[in-house]
1. Give me a single rounded figure for B:132-138: the average over its residues of other chain Cβ atoms within 10 Å of their Cβ.
2. Mean residue ellipticity at 222 nm from the helices of the protein assembly as shown, using -39,500 (n - 2.57) per DSSP H segment of n ≥ 4 over the full residue count, to the nearest 500 deg cm²/dmol?
3. To the nearest hundred square angstrom, how large is the accessible surface buried between A and B, total for both chains, probe 1.4 angstrom?
4. What residues have an amide H closer than 5 Å to that of A:ARG213, excluding those fewer than 5 places away on the same chain, when H is modeled at 1.01 Å from N in the peptide plane?
5. How well do other chains shield peptide A:226-234, expressed as the mean number of their Cβ atoms within 10 Å of each residue Cβ?
6. Projected onto the charge dipole of chain B (+1 at Lys/Arg Cβ, -1 at Asp/Glu Cβ, origin at the Cα centre), which of B:MET54, B:LEU79, B:GLY147 gives the Cα projection farthest towards the positive end?
7. Can you compute the charge dipole magnitude of the protein assembly as shown about its Cα centre, using +1 on each Lys and Arg Cβ and -1 on each Asp and Glu Cβ, nothing else charged? Give it in debye, rounded to the nearest 20.
8. Return the distance in nm (one decimal) between the two label points of a simple spin-label model at B:ALA102 and A:ASP31, each offset 7 Å from Cα along Cα→Cβ.
Amino acid sequence: MSPRVEFTLLRLWHAALAGGFVVAYVTADEDTYAMHVFSGYWVLCALTLRLALALIGSSSGPLRLPRPKFTWAKPGRNPLFAWMAALLLPALALGALTGVIADGVPVAEDLHEAIAEAGLWLVIAHGLIIAWIFQGRRIREFLTGAAALLAVGLISLPAWAADPAIAAAYGKEAGETLSAARGEALYLSKNTASADFASCSTCHTPDPRAAGRHAKTGRVIEPMAASANAKRFTDAAKVEERFTRDCQTVLGRACTAREKGDYLTFLMMK
Amino acid sequence: MMKKLALLLCLVASPALADFAPPITDPLTKAACGECHMAFQPAFLPARSWDKMMANLADHFGDNATLAPDKAAHIRKVLAESAADGPQGGRMGHKILSRLRADETPLRITETAAFLRKHRLPESEWKRPDVVTKSNCVACHKTAEKGIYEDD
């Protein structure tokens, strides 16, 4: 069996067991007794099935039930997995079996309850350990990421909408009045410098109010028009960096200050 | 209270076996390398590959990704830190390295043996219009930017 199939089986089995256990736990009251008995047998069947799965699983696959060890041969599975299985499976089996007995011999009820209670704590510990193994790093990463994002957001908050000073600075540098019409012509112009990117609109789309797509990487590019994208042209350094690259790519040369100013003027009026 | 706890457990109790590569957290690197494509997780390539890539950003797969020298130096450090063979490479880094020859310096993640092994997909998958290129991880892995490549 491929590991993929084995993992799927393991997941299905795990869902069946966890579901059965939870149902048994919440239906322990007298008035839901039938359901409780049913889910108890369900858990018992699931546990038996687990042993059968271990027999048909491949020798190093996820269905195997390894003997728990104290050492960890890296790379390899965390030894806690084997320990959890070794503790949880017998504990749940004991809980289910004493339940069967208690069904006929009521004095066994106290024992059954105690074992089931202990089982729940084991399950909780199991959940926390799994969360720690698999999610701990992700949660930490998420928290630092969120903090960084928040910091960046706070710093750049005052400059959210397109900054007309950026275009104005290009206009001053060029010493000419800027023209949206010339900007539009540049935006749509077809060029020959690059086989892949004939035009600015190849990536930014002919309609600047629509989202574009990088013609080579497939990544979505948010709309260029300032009216359609509040984050446009807010950072002079970024604008200049992109002009440097994108003009070189499409035109095979740098854009002049007038061209840059025209281009921004066009997109800020759109 | 215990019953609620038990129900909650049921919700989270599905074995999480996702394949994970730690995403870039450094804001400068994330912005500079996440502009034209998603910011690829450094663990997918060894440090020597990132060094080679950062040394020639003017010709970056036919595109121009030039950065100011001080920015580039900083990013190079960040990438090396979490590269496959870096201190933060993690399990994904280990998998990449284990299939890489010592004399190999791939520039494309999509040409590493570890990637190819996991991506023997029918041609029709690659031809899907929203895929565009193999390196467009997000087209197939919705959570790729978070570094989660769970196969589904």
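1. Details: counts 7, 6, 1, 4, 6, 1, 4.
Per-residue shielding by partner chains comes out at 4.
2. Working: 18 runs with 233 residues, N = 422.
Helix contribution divided over all residues of the protein assembly as shown: -17500 deg cm²/dmol.
3. Working: alone 17260 and 10130 Å², together 23790 Å².
Chains A and B together bury roughly 3600 Å² of accessible area.
4. A:THR205, A:ILE221
5. Details: counts 0, 0, 0, 0, 0, 0, 0, 0, 0.
Across A:226-234, the average partner-chain Cβ count within 10 Å equals 0.
6. Among B:MET54, B:LEU79, B:GLY147, the one farthest towards the positive end of the dipole of chain B is B:GLY147.
7. Working: 48 positive and 42 negative charges, 240 e Å.
Using only the charged Cβ atoms, the result is roughly 1160 debye.
8. 7.3
The values are calculated or read from the model by the stated rules, or taken from the named source; none is laboratory data. Remember, it's a predicted structure, so these values are computed and weren't measured experimentally. Note: ideal-geometry Cβ built from the backbone for every residue, glycine included; neighbour counts use all protein chains shown. Keep in mind that these areas ignore ligands, DNA and RNA; they rest on the heavy atoms of the full protein, side chains included. Shrake-Rupley method; radii C 1.70, N 1.55, O 1.52, S 1.80 Å.
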